[in-house]
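See structure below.
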Amino acid sequence: MAEETQSRAPESGAAPQGAPAGGSGSGAPSRGPRPGGGPGGRGKFFRRKKVCKFCTEKIDAIPYRDVRLLQGFVAERGKIVPRRLTGVCTTHQRRLTRAIKQARNIALLPFATRH
């Protein structure tokens, strides 16, 4: 009778009662290394170093009236895109930020989108 009251040990394919099914303990199944690479891995894609658009075209002054140029550096929501995404150098990013803010103040660019 003592054998009937004790619960049976889980089978080899089933997870214990308290642990999630997946094996690694984190909840996600183990899939192996990612195809994109990682530390020591060979990735499929080669990321090219971003070069400043203004330095390559030798543009010194960034005009605040050139809305088409400035819109490429402003996200949909109206935020200024950071230089790690655009590839602009620090000096031109500062000038670009100043030009975007001037264009916003005279209503050439919106401060934010309407939603």
Note to self: Calculate the FRET efficiency for ASN105 and ASP60 from the Cβ-Cβ distance with a Förster distance of 25 Å, rounded to the nearest 0.05.
What the structure shows: 0.65
Next item on the list: For segment 80-86, just list the computed ³J(HN,Hα) in residue order, Karplus coefficients 6.51, -1.76 and 1.60, θ = phi - 60°, integers in Hz, with x standing in for Gly and Pro.
Entry: 6, 6, x, 5, 5, 8, 8
Next item on the list: Tell me which residues come under 5 Å, amide H to amide H, from VAL74 once H is placed; ignore anything under 5 positions away on its chain.
Entry: VAL81
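Rule-based calculations on the coordinates, nothing more; no lab input. On a predicted model such as this, the values are computed, not experimentally measured, just so you know. So basically every Cβ, Gly included, is an ideal-geometry build from the backbone, and we count neighbours across all protein chains shown.
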